[in-house]
Amino acid sequence: MTKIVNHWIGGKAVDGASGTYGPVTDPATGAVTAKVAFASAEEVDAAVAAAKDAFATWGRSSLAQRTEILFRFRALLDAHRGEIAELITAEHGKVHSDALGEVARGLEIVDLACGISVQLKGELSTQVASRVDVASIRQPLGVVAGITPFNFPAMVPMWMFPIAIACGNTFVLKPSEKDPSASVRLAELLAEAGLPDGVFNVVHGDRTAVDRLLEHPDVKAVSFVGSTPIARHVHTTAAANGKRVQALGGAKNHMLVLPDADLDAAADAAVSAAYGSAGERCMAISAVVAVGAIGDTLVEKIRERAEKIRIGPGSDPSSEMGPLITRAHRDKVASYVKGAAAEGAEVVLDGTGYTVEGFEDGHWIGISLLDKVPAGAKAYRDEIFGPVLCVLRASTYEEALDLINASPFGNGAAIFTRDGGAARRFQLEVEAGMVGVNVPIPVPVGYHSFGGWKDSLFGDHHIYGNDGTHFYTRGKVVTTRWPDPADAPAGVDLGFPRNH
């Protein structure tokens, strides 16, 4: 009997009613292992209604009650991290150690939410005028929604809902339909931790579900992580419907390598950052810019390391890289490599014909390395989202910086150098939201915020950290005057309020 992944609404699993389902595959075998219910607009409405009903009490609950539940959830998540990692590997394909790492990074944000009392503290100014005090407080928004991608089916939802819930909101999650099981397991653990029914809901589906969330009048804010075209659509549509939006889009992250850099360390970093998680991450390094005469040496060092990567099923402990999420995505990634030479690039490694013995129907692709890639080539311009690394050449730091800043994406960037002055210039001059100095993937820790610039972010707030708290709350300023019992009534004064 085929496993069915259903919705989670009002504190329990709810069978899909639309009659529409999508396939869930094991990327290592290509076999369909489950089907996931696709929500109709009416089913999305039911989830939002459950969240709205729950907000009536959850939004007024004490901070101590909310964080106590999140502490219990954190303990359950820690105890079940191996199980959740197995669900991720089975449906996404990433190797088990990578899946465990994803859960660990999600736990970081749960930790932050457990201690959110510091971020929610208000401000008070006393005696701003005679017997007048002014206080600033933050209050929850209401029902908020998260729309998350396939590449991190546990971590990215945990970038959103723990902070939203800790702030007093209720949450509707629309995870990727390609690997939906992890989100339902998170919902079960939240219920086991004592989260009231309706505070966290999961609806699966396609554009029908997404667009209903973007339009629904009771959804006050939308968080999104995915490709740039969809991020732009989410931002435009949700904002037009009066919602607060943080929409994180695609990336083309650059790693600038100066002639004085430790080339062995730079090559190690480039391989890890380009090919980890099969390149299916928005913070992957997909373009290395080699400055000066080091290019040939650096490319050779990258090639030597890349050829040794062990590719196989994520469930095999010896595998270092798994398959891509779908066959269609594998074919799209391969097309960039196959067309690279015609656009002037030198194909150093071509992984498009790779397969794994015994798993021939899996969505396999090997390591690809393209050198001397022209800035106009599609392999450089587009976000490939696969294990393809482009190397570009520049004569000077200034030329390399201009190349990086000309990209429409501005998610992350890194520089490898021993020169502190050059590193300082780079971190101030590069047009990217996250910068690494001798760190290839500068994903911030939980108490700093994650987000890019330019076409990598639509909206004013980055995700998690202090920005996350501000996104899921709104400010209110209260000005108070209590009359002294000894004072007589002051009478009517139609003049402008005075502060003295």
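Taking 0.36 nm per residue of separation and subtracting the current Cα-Cα distance, fully stretching the chain between GLN139 and ASP331 would add 64.4 nm. Angle of helix 420-429 to the longest C-alpha principal axis of the chain, folded into 0 to 90 degrees and rounded to 10: 60°. A crude spin-label estimate for the pair GLN427 and SER130, with each label 7 Å from Cα along the Cβ direction, gives 5.2 nm.
Over the chain, what is the percentage of antiparallel beta bridges among all DSSP beta bridges, to the nearest 5? Counting only bridges with both partners in the chain, antiparallel ones make up about 40 percent.
In terms of the Cα gyration tensor, with a ≥ b ≥ c the square roots of its eigenvalues, is the stretch 375-417 rounded because a/c is under 1.5, prolate because a/b exceeds b/c, or oblate?
Values: a/c = 1.59, a/b = 1.50, b/c = 1.06.
The shape class here is prolate.
For LYS338, a cut-off of 17 angstrom between C-alpha atoms picks up these lysines, skipping any fewer than 8 places away in its own chain: LYS372, LYS378.
Of interest is the spacing of the C-alpha centroids, which for the stretch 166-238 and the stretch 348-411 amounts to 32 Å.
Entry note, the stretch 90-243: relative contact order of 23 percent, from Cα contacts under 8 Å with a spacing of 6+ residues.
Cross-link reach is defined here as a Cα-Cα straight distance under 17 Å, omitting same-chain residues fewer than 8 places apart; for LYS174 the lysines meeting it are LYS12, LYS35, LYS52, LYS220, LYS243. What the chain shows is 41 Å² of accessible area per residue, with the surface traced by a 1.4 Å probe over protein heavy atoms. Between the helical axis of 63-79 and the longest alpha-carbon principal axis of the chain there is an angle of about 20 degrees. Normalising the Debye intensity of the stretch 221-297 to I(0), with uniform scatterers on Cα atoms only, and taking log10 at q = 0.14, 0.20, 0.21, 0.22 Å⁻¹ returns -0.59, -0.82, -0.86, -0.91. The trypsin sites (Lys or Arg not before Pro) of the stretch 1-101 that meet both conditions, a loop assignment by DSSP and at most 14 other Cβ atoms within 10 Å of the site Cβ, are ARG60. The accessible surface of the stretch 122-209, taken with every protein chain in place and a 1.4 Å probe, is 47 percent carbon and sulfur. Remark: the chain projects, on average over all directions, an area of 27.8 nm² (convex hull of Cα atoms). Would you give the gap between the C-alpha center of the stretch 296-323 and the C-alpha center of the stretch 48-69, rounded to a whole Å? So the two Cα centres are separated by 46 Å.
Carbon and sulfur atoms: what percent of the 1.4 Å accessible area of the stretch 345-436 do they account for?
On the way: 1740 of 3730 Å².
C and S atoms contribute 47 percent here.
The relative contact order of the chain, computed from alpha carbon pairs under 8 Å that lie at least 6 residues apart in sequence, is 18 percent.
Full extension of the chain between ARG207 and LYS378 gives 58.8 nm of extra length, using 0.36 nm per residue less the Cα-Cα distance. Averaging the sequence gap over all C-alpha pairs within less than 8 Å and six or more residues apart, then dividing by the number of residues, gives the stretch 320-455 a relative contact order of 18 percent.
Suppose R0 equals 41 Å. What FRET efficiency, 1/(1 + (r/R0)^6) with r the Cβ-Cβ distance, do SER18 and ASP268 give to the nearest 0.05? It comes to 0.25.
How large is the helix-only mean residue ellipticity at 222 nm for the chain, computed as the sum of -39500 (n - 2.57) over DSSP H runs with n ≥ 4, divided by its residue count, in deg cm²/dmol to the nearest 500? Provide the component values of the computation, followed by the final result.
Working: 15 runs with 179 residues, N = 500.
Rounded to the nearest 500, the figure is -11000 deg cm²/dmol.
Within the stretch 232-305, what whole-number % of the accessible surface is contributed by carbon and sulfur, with the 1.4 Å probe and all protein chains included in the calculation? It would help to have the intermediate numbers written out before the result.
On the way: 1050 of 2100 Å².
Carbon-and-sulfur percentage of accessible area, whole number: 50.
Here is the list for the stretch 379-459: trypsin sites (Lys or Arg not before Pro) lying in DSSP coil, each with at most 14 other C-beta atoms within 10 angstrom of its C-beta, are ARG418. Show log10 I(q)/I(0) for the stretch 105-200 at q = 0.10, 0.11, 0.19, 0.20 Å⁻¹, two decimals, from a solvent-free Debye sum over equal Cα scatterers. After summing over all Cα pairs, the log10 values are -0.35, -0.41, -0.91, -0.98.
The values are calculated or read from the model by the stated rules, or taken from the named source; none is laboratory data. Note that the structure is a prediction, hence the values are computed from the model and not measured. Quick reminder, even Gly has a Cβ in these numbers, built from the backbone with ideal geometry, and neighbours come from all protein chains shown. Accessible surface areas use protein heavy atoms only, side chains included; no ligands, DNA or RNA. Shrake-Rupley method; radii C 1.70, N 1.55, O 1.52, S 1.80 Å.
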